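Q: Take a look at the following structure, please.
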Amino acid sequence: MIPAAFEYVRAHNLSEAVSLLAHHGDNAKLLAGGHSLLPMMKMRLAQPATLIDIGCVAELRGIRDDIGSIMIGALTTHDELTANAAVLSQAPLLAETASRVGDIQVRNVGTIGGSLAHADPAADYPAAVLALEATVHLRSAGGERAVAARDFFVDLMTTAARPDEILTHLRVPRRPPGQGWCYMKLPHPASGYAMVGLAALVTIEGGKCADARLAITGAGPKAVRLTKVEAALEGKALDDATIASAAQQAADGIDATDELYASATYKNHIAKVYAKRALAKAVERAR
Amino acid sequence: MKTTVTVNGVPQTRDVEPRTLLIHFLRDALGLTGTHIGCDTSNCGACTVLWNRKAVKSCTILAAQADGGEITTIEGLAPDPAHLHPVQQAFWDEHGLQCGFCTPGMIMVSLDLLKRNPSPTDDEIRHGLDGNLCRCTGYQHIVNAIRTAAQRMRVPAVAAGGD
């Protein structure tokens, strides 16, 4: 399979990338690692007139441990996230999620910025960044803005980013003391994408749940927080019975869709099972 | 567009369409047909090569993206047929292939795996092969081959250490 013909331009820095995007407009797509975009182009599901390769833009690289948050450049590969010391200590949920993306070859090239901007409903990161309450930073010729993760994922393959905006980095709050984490998914047996992916963050203070955040990806058209499960946990001692009972509400509001390989009914069931397992693991790590 | 990629240590410049995939650049423009096209959808790993020393699927990368970079293919591993790379030799010795179609990809991903983890457990080897499919061997002999290669590649380091 070969993509439809396009014009290729390489941006050498961020301001060049921004002006190329402003110049080429809606007919252009940004190319980072290309591991979401190129497969779609090969199947002719995407036929951009111009590809702006931002793979060499140094300003979009790197991970920085700032006061209060970790700054993660859009071109950070999945593999880099799995091994970075700051991410492992301050945002271990993100490292665990990255380790479950694709395979070694995909993790070597695919980027977190590309994956977020692509907004595949079965991608792994959306659940994690929703639970982490991360902020996505966008740049255009008109300036820069920050969008909370909860406002970023709009619908299937649709984000709050405008066609003239580049996702430059994301900011992830540092892990508070006593917070446990877990990302766990039921992968599609062939593609490895999440049929159901569960991200859980649990903070325990004085033996009780001070903060619980769960999000699910893969089940419906976009990743969502499981607010009912969260509400059922907060303020409680997190014993097995409390976790099991809260997890029963994990299918509420996820808008599960029927797929060739998994019915909505099955996904709803798996959501409850994985919510229970992910919570148990997060609680174990919080203690 | 003019594209220059250093392949197996030799800079290669070709004029190719922007939509040329790296796999086609290697096979069609350079005639290096050791790298295979399997699924063509970044699932099977038959097209795995090293890009700047990391294992990648060359069916999902544009030649243009690799412009200015370094690629190693299966042809770049052995100086001559009598002196195979330790991973190639281990695949030979352990019968790590039957039809051979997946083998170049298996060997290239093994190089990345063994660079990260020179002493992998069998579980770690299997996990490392997550992105590579073999339809003949049932994988066991491939795992044996990579384990053997790891042992042999560790030997010189031990000898140099003096113990």
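Q: Within the stretch A:1-21, count every residue that is open to solvent by 70 Å² or more (accessible area, probe 1.4 Å), out of contact with any strand residue (DSSP E or B) (no Cβ under 6 Å at 6 or more places or on another chain) and at the interface with chain B (Cβ under 8 Å from one of its Cβ atoms).
A: Here the count works out to 2.
Q: Now, a different point. One residue is enough: does the stretch A:76-93 have a residue meeting the conditions open to solvent by less than 50 Å² (accessible area, probe 1.4 Å), closer than 19 Å to A:Arg139 by Cα and in the same structural domain as A:Ala117 (by TED's automatic domain parsing)?
A: yes
Q: Residue check, A:Leu260 against (1) hydrophobic (A, V, I, L, M, F, W, C); (2) closer than 24 Å to A:Leu94 by Cα; (3) free of Cβ contacts under 8 Å to residues at least 24 places away in the same chain, all met but one. Which one?
A: (2)
Q: For the stretch A:40-50, check the following and say yes or no: at least one residue is assigned to a helix (DSSP H, G or I) and more than 10 Å from chain B (Cβ to nearest Cβ).
A: yes
Q: Right, another one. Going through the stretch A:72-88 one residue at a time, which ones are of a type in the set (A, V, I, L, M, F, W, C), more than 14 Å from chain B (Cβ to nearest Cβ) and touching a Leu at 6+ places or on another chain (Cβ under 8 Å)?
A: A:Ile72, A:Ala74, A:Leu81, A:Val87
Q: Where in the stretch A:150-239 are there strands (runs of 3 or more DSSP E), lying fully within it, with 1 or more residues that are open to solvent by 70 Å² or more (accessible area, probe 1.4 Å) and of a type outside the set (S, T, N, Q)?
A: Once the strands (runs of 3 or more DSSP E) in the stretch A:150-239 are filtered for at least 1 residues that are open to solvent by 70 Å² or more (accessible area, probe 1.4 Å) and of a type outside the set (S, T, N, Q), what remains is A:153-155, A:194-205, A:208-217.
Q: Hey, B:Lys115 hits all of (1) open to solvent by 50 Å² or more (accessible area, probe 1.4 Å); (2) farther than 20 Å from B:Trp51 by Cα but one; which does it fall short on?
A: For B:Lys115, the exception is condition (2).
Q: Let me ask something additional. Can you list the helices (runs of 4 or more DSSP H) found entirely within the stretch A:74-127 that contain at least 2 residues being closer than 20 Å to A:Ala200 by Cα?
A: Filter on the stretch A:74-127 gives A:78-83, A:85-90, A:92-99, A:112-118.
Q: Here's a follow-up. Please go through the stretch A:117-131 and give me each residue that is on the phi < 0 side of the Ramachandran plot and out of contact with any helix residue (DSSP H, G or I) (no Cβ under 6 Å at 6 or more places or on another chain), ordered by number.
A: Once the filter is applied, which keeps residues that are on the phi < 0 side of the Ramachandran plot and out of contact with any helix residue (DSSP H, G or I) (no Cβ under 6 Å at 6 or more places or on another chain), the stretch A:117-131 yields A:Ala117, A:His118, A:Asp120, A:Pro121, A:Ala122, A:Pro126, A:Ala127, A:Ala131.
Q: Within the stretch B:28-55, which residues are under 18 Å from A:Leu38 (Cα atoms), more than 8 Å from chain A (Cβ to nearest Cβ), under 10 Å from the mean Cα position of the chain (by Cα) and not β-branched (Val, Ile, Thr)?
A: B:Ala46, B:Cys47
Q: Determine whether B:Leu84 is within 19 Å of B:Ile146 (Cα to Cα), more than 14 Å from chain A (Cβ to nearest Cβ) and buried (at least 18 other Cβ atoms within 10 Å of the Cβ).
A: Taking the combined requirement at face value, the residue does not satisfy it.
The values are calculated or read from the model by the stated rules, or taken from the named source; none is laboratory data. Because the structure is a prediction, the values reported are computed rather than measured. Positions of Cβ are backbone-derived with ideal geometry, glycine not excepted, and every protein chain shown enters the neighbour counts. The accessibility values were calculated without ligands, DNA or RNA, using every heavy atom of the protein model including side chains. Shrake-Rupley method; radii C 1.70, N 1.55, O 1.52, S 1.80 Å.
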